[in-house]
1. For region 329-355, how many residues are within 27 Å of residue 218 (Cβ to Cβ) and either touching a residue at least 60 places away in the same chain (Cβ under 8 Å) or assigned to a loop (DSSP other than H, G, I, E, B) (or both)?
2. Could you list all residues from region 403-441 that are loosely packed, with under 13 Cβ neighbours inside 10 Å and part of a helix (DSSP H, G or I)?
3. Go through region 261-301 and count every residue that is touching a residue at least 24 places away in the same chain (Cβ under 8 Å), over 28 Å from residue 221 (Cβ atoms) and buried (at least 16 other Cβ atoms within 10 Å of the Cβ).
4. Just checking, which of 131, 99, 92 is closer than 21 Å to residue 20 by Cβ, within 16 Å of the ligand (Cβ to nearest atom), under 18 Å from the mean Cα position of the chain (by Cα) and not in a strand (DSSP E or B)?
5. For region 374-415, name all the residues that are free of Cβ contacts under 8 Å to residues at least 60 places away in the same chain and out of contact with any helix residue (DSSP H, G or I) (no Cβ under 9 Å at 6 or more places or on another chain).
6. Within region 26-50, track down each residue that is free of Cβ contacts under 8 Å to residues at least 60 places away in the same chain and more than 21 Å from residue 64 (Cα to Cα).
7. With the requirement that a residue be surrounded by fewer than 22 Cβ atoms within 10 Å (Cβ to Cβ) and part of a loop (DSSP other than H, G, I, E, B), what does region 144-174 give you?
8. Which residues, counting only those in region 14-47, are more than 21 Å from residue 258 (Cα to Cα) and either surrounded by fewer than 22 Cβ atoms within 10 Å (Cβ to Cβ) or over 23 Å from the mean Cα position of the chain (by Cα) (or both)?
Ligand SMILES: NC(=O)c1ccc[n+]([C@@H]2O[C@H](COP(=O)([O-])OP(=O)(O)OC[C@H]3O[C@@H](n4cnc5c(N)ncnc54)[C@H](O)[C@@H]3O)[C@@H](O)[C@H]2O)c1
């Protein structure tokens, strides 16, 4: 019988749960969980019940696993942002290959340290920039690599974070405070977009970054007149406001696993009455969206210049009416324009005879990709990870740490720029010694 790849799951939350499910579903002959670590008994029980695990395979702390030496081939690390470094590095030092959620960390020193540790201990460290593995972005990358649009001159991307997602994750949710989770909005959300741009344009490297943005609109000044403190308690706009907690979490049950995580129970175990009571009392998701304790931005724009002069402009907005990501890439010989949410993009090249353009259309949703997590990226990354561990060849999408640092570098530089009022920051690469400095330093 073929030997399966064995995995320790560190943090059995939403994301790890998805990777484990994808592993068992699509690579059942290759993949097996041998241990789950999570301080939360509810999550351990969920893992046990879902995958019929023995009690001896469940742990409350990583030290209990680490003390046994290397007990599996790899680690799936799906802890929250602020725990990545402390839960990842000790396993790398024991030689585990690792699938690590993004963002890797929130500062340059930690990024270099984790990259160097993976290198020193010979680990395959794959970062969950899952969108690279979606057929939509992977095909765009292959077209760029084919030379069809020439050399990239400029890229325009936007991430419009929709009302429901903004509300549950960033305005009221567990990523709403950098001071708590360690990530600002750009790092938590748009590290995907900036990573995509650096990867699509990886014939060169990012060297200069400028950014502006702030919490300028989702704040008390813009609350509807007479807004209360809690939607379902004292707000006259509860039945009309786009952020109404009742509308989002009770009537439409959008992203239902997130707003009730704070109760310490699974949302499927809560009655509607219990959910309402929680939103009316202690649940942060019941607070007026304009009056939360969010300390991250509600809009931000980033400009990046690459070493060959090419540029990226990326804009993020929270509370967008039509959610989604779009992309426009101008090359020296052609252009690509697409909208990830519909799975459609076009490639335009110049036609000498008609003095106009020829347009080729691609529809990735026709193959069902857009119904799958991250447009197929969640399955794609698990496939890649298992293939790499087995000694297979990396795909065009491969998010190995060595190739995943560039987006993070840009995000770190962008945040420095934003906080300095838009002063450019420069990224220098001196034989592996990477620095980020103000342009006038
Ligand atoms: N790739 C993506 O597109 C994507 C999407 C959403 C979230 N994320 C990232 O995935 C990560 C996890 O997010 P989530 O929503 O699944 O979080 P979650 O809160 O659902 O899961 C985290 C789990 O880690 C456990 N945990 C906490 N401390 C631990 C420790 N010391 N050791 C072991 N387990 C510990 C928690 O109890 C929890 O069960 C975050 O970094 C997040 O930013 C990535």
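1. As a first pass, look at region 329-355 and keep what is within 27 Å of residue 218 (Cβ to Cβ): 339-342.
Of the ones still in play, those that are also either touching a residue at least 60 places away in the same chain (Cβ under 8 Å) or assigned to a loop (DSSP other than H, G, I, E, B) (or both) are 340-342.
The qualifying residues number 3.
2. 419
3. 3
4. Of 131, 99, 92, the one residue that is closer than 21 Å to residue 20 by Cβ, within 16 Å of the ligand (Cβ to nearest atom), under 18 Å from the mean Cα position of the chain (by Cα) and not in a strand (DSSP E or B) is 131.
5. Taking region 374-415 first, the residues free of Cβ contacts under 8 Å to residues at least 60 places away in the same chain are 387, 391-394.
Hits for region 374-415 are 387, 391.
6. 28, 29, 49, 50
7. 147, 148, 149, 150, 151, 174
8. Across region 14-47, the qualifying residues are 24, 25, 26, 27, 28, 29, 30, 31, 32, 33, 34, 35.
The values are calculated or read from the model by the stated rules, or taken from the named source; none is laboratory data. These figures come from a predicted structure and were not determined experimentally. Cβ: placed from backbone, ideal geometry, glycine included. Neighbour counts: every protein chain shown.
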